[in-house]
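Novice: This is the structure I have questions about; it appears just below.
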Amino acid sequence: MNESKAAANAAAAGSKTATLTFNETGESWELPITDGAMGPSVVDVRRFYGDTGAFTYDPGFTSTASCSSAITFIDGEKGQLLHRGYSIEDLAGKSDFMEVCYLLLHGELPSAEQKNKFETAITYHSMLHEQMLYFFRGFRRDAHPMAVMVGAVGALSAFYHDSTDITDPHQRMVASHRLISKMPTIAAMAYKFSVGQPFIYPRNDLNYSENFLYMTFAVPAEEYKVNPVLARAMDRIFILHADHEQNASTSTVRIAGSSGANPFACIAAGIASLWGPAHGGANQAVLEMLQQIGSKDRVPEFLERAKDKNDPFRLMGFGHRVYKNYDPRASVLRESAHEVLDELGMRDEPLLELAMELERIALEDDYFVDRKLFPNVDFYSGIILKAMGFPSSMFTVLFALARTVGWVAQWKEMIEDPQQRISRPRQLYTGYGPRDYVPVDQRS
Ligand code: SDX
């Protein structure tokens, strides 16, 4: 959204208000309404507690705008996703991940010169401080790669002190470049450590996605040729996971950053939040679910379990807090799944067949249709990643790798927002009132 439009919106907001009346006392307040460039307007409640003495209540933030942002727009009813105004379909089909990173960080698509300069900066930050290798070697071999990634990214602040001053724009940009650039190296090292293979150093002659596949799957014993179809598919998967408005992990990064924590610590917090199976951990859970279902004839049984409130089983990869239509990213990933499996000669991959049958039946079932539960970004990604050779324990690591640019862009936008303050929500208290201390020998 350009600044003049924002200013126009802000000016117009003065003329729009909502009236709140406490029926018990008859007191009324006028609450300003602000329109966005697109999407729902907001009722400004920043003065609500000061004026009324009451809090608003919204656990899970289903009706709360936590910030203003110009990075990503989602229309859940339409199944629309825009990054700085460009549709995810256009970016996935016509752009590449480095260009999308520049767009998210700077707000505009880069010129050829700007893109080359950005890509060079990212390429030349891809190595890790050599001491980090000892950090990796401290983990058990069977450590979940997400545990390694949370630890390694948090540890970056112990190695790169010269880019932790969040008040310095240059240091903010250096930290942003370092995080985007080093995540593939950390992810590949987490994988190599888990399979007992030597770490493979990055190469400056490969592009971002090629380099990641090289560091992950090459071995010193023989030459590794990157498959261009798989590299393109990897790049597209990164684009599709790059940013997604104020989701749980992005909100975690923003809240951590609002206290002034260094960017490496903030991104480590985001990785930890993404790990949950209700969020980024769903891609690993989808594959495990498909393997648990095993065959098409068991699909009805598991759909019944997903509907049973007494059964904790949920259809992983289905449903979304915002999308009440098909997740546009899932549509692109479904096409990508066919492309990758064809390239690998796995056209009849049983898991893809099973996923498509599960999707077909679910989308005809009233329970899912009535609740507008459609496949989300995680439903097909695992099938592609498994076909490419990644173990399911690496799926969320790849999500975190791609989402780092979104977290960094949102963190940077927050730090540079003059309105930003430390995030400090309140609560509805439901505990005891004041009571006297009882010595232990007088307790029942
Ligand atoms: C991501 O926010 C983002 O943008 C996230 C993300 C991103 O890019 O950052 O898009 C990435 O996290 C995608 C979501 C991945 N998670 C999963 O696939 C896990 C399975 N999905 C569910 O856990 C659930 O759908 C959520 C967590 C995604 C959304 O939960 P909500 O919005 O809190 O929805 P809800 O729990 O209130 O469900 C509404 C109804 C309930 O039934 P009723 O009480 O109305 O009878 O739908 C049911 C739920 O029981 N329901 C499901 C279901 N998801 C919701 N029932 C069966 N299977 C499911 N998957």
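The values are calculated or read from the model by the stated rules, or taken from the named source; none is laboratory data. All values derive from a computational prediction rather than experimental measurement. Cβ sites come from the backbone with ideal geometry, for glycine too, and all protein chains shown count toward neighbours. Protein only, heavy atoms only, side chains kept; ligands, DNA and RNA dropped before computing areas. Shrake-Rupley method; radii C 1.70, N 1.55, O 1.52, S 1.80 Å.
Novice: Given the criteria open to solvent by less than 50 Å² (accessible area, probe 1.4 Å) and more than 16 Å from the ligand (Cβ to nearest atom), does Ala70 qualify?
Specialist: Spelling it out, Ala70 is indeed open to solvent by less than 50 Å² (accessible area, probe 1.4 Å) and more than 16 Å from the ligand (Cβ to nearest atom).
Novice: Filter the range 281-320 for residues that are closer than 16 Å to Lys386 by Cα, near the ligand (Cβ under 10 Å from one of its atoms) and either in a loop (DSSP other than H, G, I, E, B) or open to solvent by 30 Å² or more (accessible area, probe 1.4 Å) (or both) and give the result.
Specialist: Gly281, Gly317
Novice: Moving to a separate point now. Under 8 Å between Cβ atoms, at least 6 apart or on separate chains: pull out the pairs that start in the range 180-193 with a residue that is modelled with pLDDT of 95 or more and end on any residue that is part of a helix (DSSP H, G or I) and hydroxyl-bearing (Ser, Thr, Tyr).
Specialist: So the pair list comes out as Ile180/Thr404; Ser181/Thr123; Met183/Thr404; Pro184/Tyr208; Ala187/Thr216; Ala188/Thr216; Tyr191/Thr216; Lys192/Thr216.
Novice: Right, next: Checking Asp342 against (1) surrounded by 15 or more Cβ atoms within 10 Å (Cβ to Cβ); (2) more than 14 Å from the ligand (Cβ to nearest atom); (3) in a helix (DSSP H, G or I), which test does it fail?
Specialist: Only one criterion is unmet by Asp342, namely (1).
Novice: Name the residues in the range 178-206 that are more than 15 Å from Ala152 (Cα to Cα) and of a type in the set (Gly, Ala, Ser), would you?
Specialist: Gly196
Novice: Go through the range 121-130 and count every residue that is open to solvent by 60 Å² or more (accessible area, probe 1.4 Å) and either touching a Phe, Trp or Tyr at 6+ places or on another chain (Cβ under 6 Å) or in contact (Cβ under 8 Å) with a residue 24 or more places away in the chain (or both).
Specialist: Looking only at that region, the number is 3.
Novice: Can you tell me which condition Met173 does not meet? The list is (1) within 25 Å of the chain's Cα centre (by Cα); (2) crowded, with 18+ Cβ neighbours inside 10 Å, and all the others hold.
Specialist: Only one criterion is unmet by Met173, namely (2).
Novice: Oh, and also: Could you check how many residues of the range 103-120 are open to solvent by less than 30 Å² (accessible area, probe 1.4 Å) and in a helix (DSSP H, G or I)?
Specialist: 4
Novice: Return the residues of the range 32-63 that are open to solvent by less than 70 Å² (accessible area, probe 1.4 Å), assigned to a loop (DSSP other than H, G, I, E, B) and within 16 Å of the ligand (Cβ to nearest atom); say none if nothing qualifies.
Specialist: Hits for the range 32-63 are Gly39, Asp58.
Novice: Ok, one more. Give me the pairs, please: first residue somewhere in the range 198-225 and surrounded by 15 or more Cβ atoms within 10 Å (Cβ to Cβ), second residue anywhere and assigned to a strand (DSSP E or B), beta-carbon distance under 9 Å, and either six or more positions apart or on two chains.
Specialist: Every condition considered, the pairs that remain are Ile200/Val219.
Novice: So, in the range 363-410, how many residues would count as being on the phi < 0 side of the Ramachandran plot and within 9 Å of the ligand (Cβ to nearest atom)?
Specialist: The number of residues fulfilling the criteria is 13.
Novice: With the condition kept exactly as written, say whether any residue in the range 373-389 is open to solvent by 10 Å² or more (accessible area, probe 1.4 Å), over 30 Å from Pro184 (Cβ atoms) and either over 25 Å from the mean Cα position of the chain (by Cα) or touching a residue at least 24 places away in the same chain (Cβ under 8 Å) (or both).
Specialist: yes
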